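Structure first, then comments.
The values are calculated or read from the model by the stated rules, or taken from the named source; none is laboratory data. Just so we're clear, the structure is a prediction, and the values are computed from it rather than from any experiment. Because the Cβ atoms are built from the backbone with ideal geometry, glycine has one as well, and the counts that use them run over all protein chains shown.
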Amino acid sequence: MSDRGSGQGVLPGMPVRLFRCTPTKLTTFEACPRRYRFTYLDRPAPQRGGAFAHTSVGAAVHTALARWWDQPLQRRTPERAAELVAEAWSAWPTPSSGGFRDAEQSAQQRERAQAAVAAYAERLDPRAEPVGVERTVGTPTAALALSGRVDRIDRRPRPEGDGDEPVVVDYKLGRRVPDDDDARSSLALGLYALATGRTLRTRCRRVELHHVPTGSVAAAEHTSTSLERVVRRAESIASDAVRAEAALAAGADPDEAFPTAPSSLCAWCDFRPSCPTGQRTAPAAEPWAALDPA
């Protein structure tokens, strides 16, 4: 490896520099190396497209749910949750700046999000103070310096009855309702569990995907063995990224070092204006096409 984690060019006995990453950085490379290069390496950054409405809705909901826990206990109500969504919506001064078709669609989606977040808040215990909200956690592994921000960290009793432990909670808003297999196979959730346990110096095994629109919860219980598999997968992705970066630094063609991974997702990529391969792969999606019809 290079001095960023592979060992090549490092004197024997010298420490190897860890590859600094987040779960998002790793999954970006895994999904499309070209997008990774555009996001993390190319400077100036290539041209991006405009906002997508479903991303704007997600940002507003995440912001509202984070701020809800900042409220005094007596204000942690469903009604206040809905108000916080409306306040977060002001981040987009015009409908188009949020990716919405027009003011009517923006208002309809805001009302839908307000109703979903209020219903979700109705199921929460406002007295159950989380360990962390939008909490940054991190840990080193043999090859990685890993960090990431968790939507929420709860504290729950252990099934065995011997105290309690943190639980990683991640909010989801898509049309598809995640299931337990999604929670179990998520690289990000596994890494968050590992980093949360190391940061809080305790065991963290349970991860949950909370689908806000339906209130469903998909969950998985990691073991030491499954977390080891998560780390091996993460380090394998990082190793591939390091090799690609080393090739680029040695003068390789950027597009060969970081090839595209053409798929239907090219229709939604915000780097689409800068990627001819993506443009040929799928027609551009309307910015609001992923929204549920109001």
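Observations on the structure shown:
- Output for segment 182-207, where each listed residue is of a type in the set (A, V, I, L, M, F, W, C) and part of a helix (DSSP H, G or I): ALA183, LEU187, ALA188, LEU189, LEU191, ALA193, LEU194, ALA195, LEU200
- The set of residues from segment 48-85 being closer than 30 Å to TYR36 by Cα, of a type in the set (Gly, Ala, Ser) and part of a helix (DSSP H, G or I) comprises ALA53, SER56, GLY58, ALA59, ALA60, ALA64, ALA66.
Matching residues to (1) in contact (Cβ under 8 Å) with a residue 12 or more places away in the chain; (2) of a type in the set (Ser, Thr, Tyr); (3) under 23 Å from PHE38 (Cβ atoms); (4) out of contact with any His (no Cβ under 7 Å at 6 or more places or on another chain):
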| position | (1), (2), (3), (4) |
| --- | --- |
| VAL212 | yes, no, no, yes |
| SER216 | yes, yes, no, yes |
| ALA241 | yes, no, yes, yes |
| SER264 | yes, yes, yes, yes |
| SER274 | yes, yes, yes, yes |
| GLY278 | yes, no, yes, yes |
| THR281 | yes, yes, yes, yes |
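- Of all residues in segment 46-72, those that are within 10 Å of GLY99 (Cα to Cα) have Cβ atoms under 6 Å from Cβ atoms of residues that are among the small types (Gly, Ala, Ser) and crowded, with 17+ Cβ neighbours inside 10 Å, 6 or more apart or on another chain, in ALA51/GLY98; ALA51/GLY99; PHE52/GLY99; ALA53/GLY99; HIS54/ALA290; SER56/GLY98; SER56/GLY99; VAL57/ALA113.
- Answer residue from segment 35-64, given it is among the aliphatic types (A, V, I, L, M) and closer than 21 Å to VAL242 by Cα and is surrounded by the fewest Cβ atoms within 10 Å (Cβ to Cβ) among those: ALA45
- Within segment 260-276, the residues that satisfy the criterion of being surrounded by 15 or more Cβ atoms within 10 Å (Cβ to Cβ) and not in a helix (DSSP H, G or I) are THR260, ALA261, PRO262, CYS269, ASP270, PHE271, CYS275.
- Checking the stated criteria, ASP164 turns out to be modelled with pLDDT under 95, more than 20 Å from THR27 (Cβ to Cβ) and touching a Pro at 6+ places or on another chain (Cβ under 7 Å).
- Output for segment 130-163, where each listed residue is surrounded by 13 or more Cβ atoms within 10 Å (Cβ to Cβ) and among the acidic types (Asp, Glu): GLU134, ASP151, ASP154
- Restricted to segment 200-243, and to residues there that are more than 19 Å from the chain's Cα centre (by Cα) and β-branched (Val, Ile, Thr), the residue that is nearest to CYS21 (Cα to Cα) is VAL242.
Every residue, every condition in (1) among the hydroxyl-bearing types (Ser, Thr, Tyr); (2) within 24 Å of ARG156 (Cβ to Cβ), yes or no:
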| position | (1), (2) |
| --- | --- |
| PRO46 | no, no |
| THR55 | yes, no |
| ALA64 | no, yes |
| TRP69 | no, yes |
| PRO93 | no, no |
| ARG101 | no, no |
| GLN114 | no, no |
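- In the condition set (1) over 21 Å from PRO213 (Cα atoms); (2) hydroxyl-bearing (Ser, Thr, Tyr); (3) under 23 Å from the mean Cα position of the chain (by Cα), SER96 is compliant with all but (3).
- Hits in segment 160-198 - residues which are under 12 Å from VAL230 (Cβ atoms) and among the polar types (S, T, N, Q): SER185, SER186
- The lone criterion from (1) in contact with a Leu (Cβ under 8 Å, 6 or more places away or on another chain); (2) of a type in the set (Lys, Arg); (3) surrounded by 16 or more Cβ atoms within 10 Å (Cβ to Cβ) left unmet by ARG127 is number (3).
- Condition check for VAL169: within 14 Å of the chain's Cα centre (by Cα) and within 25 Å of PHE52 (Cβ to Cβ): yes
- VAL168 meets all of the listed conditions (1) in contact with a helix residue (DSSP H, G or I) (Cβ under 6 Å, 6 or more places away or on another chain); (2) without any contact (Cβ under 8 Å) to a residue 24 or more places away in the chain but one, namely (2).
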